[in-house]
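Worksheet: one structure, shown below.
The values are calculated or read from the model by the stated rules, or taken from the named source; none is laboratory data. If you're wondering where the values come from, they're calculated on a predicted model, not measured in any experiment. A quick note on method: Cβ atoms are made from the backbone with ideal geometry, for glycine too, and the neighbour counts reach across all protein chains shown. The accessibility values were calculated without ligands, DNA or RNA, using every heavy atom of the protein model including side chains. Shrake-Rupley method; radii C 1.70, N 1.55, O 1.52, S 1.80 Å.
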Amino acid sequence: MSINTFGRLFQVTTWGESHGPALGATVDGCPPGVPLEPTMLQHWLDRRKPGQNKFTTQRREADEVEILSGVFEGQTTGTPVQLMIRNTDQRSKDYSGIMDKFRPGHADITYWQKYGIRDYRGGGRSSARETAARVAAGGLAREAIRALAPAITITGYMVQMGPLSIDRDRFDTDQIDQNPFWSPDAAAADIWAGYLDDLRKSGSSVGAVIEVRARGVPAGLGAPVYGKLDTDLAAAMMSINAVKGVEIGEGMAAATLTGEANADEITMGPDGPEFSSNHAGGILGGISTGQDIVVRFAVKPTSSILTPRKTITKSGEATEIVTKGRHDPCVGIRAVPVGEAMMACTILDHLLLHRGQIGENRGRIG
């Protein structure tokens, strides 16, 4: 299986399976001199780890990260940083009943068709367990960003669960860490709790929409045509397990606007250009404008459910399948810190690319 690496200068290669002894990431291209201790990464992994409440899978993993290389005396050395997370609560026997069946909505059938072999124990590399390695790498990216561009902040939150959306008039950043859904709308979180609890008890699942916002990103990151910042952000978010759609800024809704409504008017402010709105999501022509970068992605319902579904076996025989085990009724909840991690890795990669080619922005205004 090839292509397990993303990024150009800040490169992350993830490895490992859901039910193997461990998983992790090899990070190459991190600048030297970045302060780094395991606790700095553990904070982000603790936000993603399973079993924290009844709305996520009850698999109990400590998700403790170990730094095996690339750090000396509390600082990165510029050499590859090896991150490892041991699996401690696998229940492979839960999957013995599906070893010859393909779960509808899952990657089982395509993995088998492509490779002729698949790890049926939780899906192997197709499991959301792989994203723990991304979050660890994203924690490292955040520390490097803190060293290079400390004004940048990255925040993710859920804006929709199934058909139920937040009310943006009630948007309160302080609420994001106060509920199990990372919702900026406390009232929406209360509604989601009852809605998801009913789905969970019935053995079903539901999808969600996550928004990730990066503030303080300087103008000039990205490149025209094939190195666009939004191209790489879309690819990064789409690579997350179960993601089926990505938007930048106004996204699909831009198709409903007129040119007058969609254009973000520009005026000169005391500290440089100012925009009247942000329909572009902070990116024009693939290059950051200095506004907030806003990305949304849609996560499909968890495919592993208790409702019988029609399927076939490896020999082509018709059958039904019920997926037992411990699964998220809404995998979008734990996708929030994953989306933040992918934003961090992509922003850092473009910071390094910009620094290598341009250094400081050359165009002056005013």
For the stretch 311-366, what Kirkwood radius comes out of the mean inverse Cα-Cα distance, in Å? 16.5
Tell me, what % of the accessible area of the stretch 255-366 is carbon and sulfur with a 1.4 angstrom probe? 52
Can you compute the radius of gyration and Dmax for the stretch 205-285, using only the Cα atoms, both in Å? 14.6, 50
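So, R0 is 25 Å and r is the distance between the beta-carbons of S204 and I312; what FRET efficiency does that work out to, to 0.05?
Given R0 = 25 Å and the Cβ-Cβ separation, E is 0.65.
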Using a Gaussian network model on the chain with a 10 Å cutoff between Cα atoms, which of P273, P184, P21 fluctuates the most? P273
Treat every Asp and Glu Cβ in the chain as -1 and every Lys and Arg Cβ as +1, leave all other atoms uncharged, and give the resulting dipole magnitude about the Cα centre to the nearest 20 debye. 1460
Evaluate the distance, in nm, between pseudo-label points positioned 7 Å from the Cα of T5 and of N278 along their respective Cα→Cβ axes. 3.4
With the convex hull built on the alpha-carbon atoms of the stretch 127-176, volume per residue in Å³ sits at 107
Connecting every pair of Cα atoms under 10 Å apart in the chain and solving the GNM, the largest mean-square fluctuation among A22, A242, A141 falls on A22
Based on a Kirkwood Rh over C-alpha pairs, give the Stokes-Einstein translational diffusion coefficient of the stretch 104-187 at 4 °C and viscosity 1.567 mPa s in µm²/s. 79
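Using a 1.4 angstrom probe, figure out how much accessible area the stretch 152-302 has per residue, in square angstrom, rounded to the nearest whole.
So the stretch 152-302 comes to 47 Å² accessible per residue, rounded to a whole number.
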Among the lysines, which fall within straight-line cross-link reach of K228, defined as a Cα-Cα distance under 21 Å, with same-chain neighbours fewer than 8 residues apart omitted? K244
A chain fully extended from A62 to T319 at 0.36 nm per residue, minus the present Cα-Cα distance, gains in nm 88.8 nm
Compactness index (Cα Rg / 2.2 N^0.38 Å), the chain: 1.02
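Need one number for the stretch 193-251: average projected area of the convex hull over its C-alpha atoms, nm².
Taking a quarter of the hull surface, the average projection is 6.0 nm².
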Between P337, P163, P218, where does the largest GNM mean-square fluctuation fall for the chain, given springs only between Cα atoms within less than 10 Å? P163
When only alpha-carbon atoms are used, what values of Rg and Dmax, in angstrom, describe the stretch 105-253? 18.1, 51
Per principal axis, descending, Cα span of the stretch 104-150 in whole Å: 46, 17, 17
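To one decimal place, what orientation-averaged projected area in nm² is obtained for the convex hull of the Cα set of the stretch 213-358?
12.9
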Taking the Cα centre of the stretch 258-366 as the origin and placing charges on Cβ (Lys, Arg +1; Asp, Glu -1), which of A344, P308, F275 is farthest toward the positive end of the dipole? P308
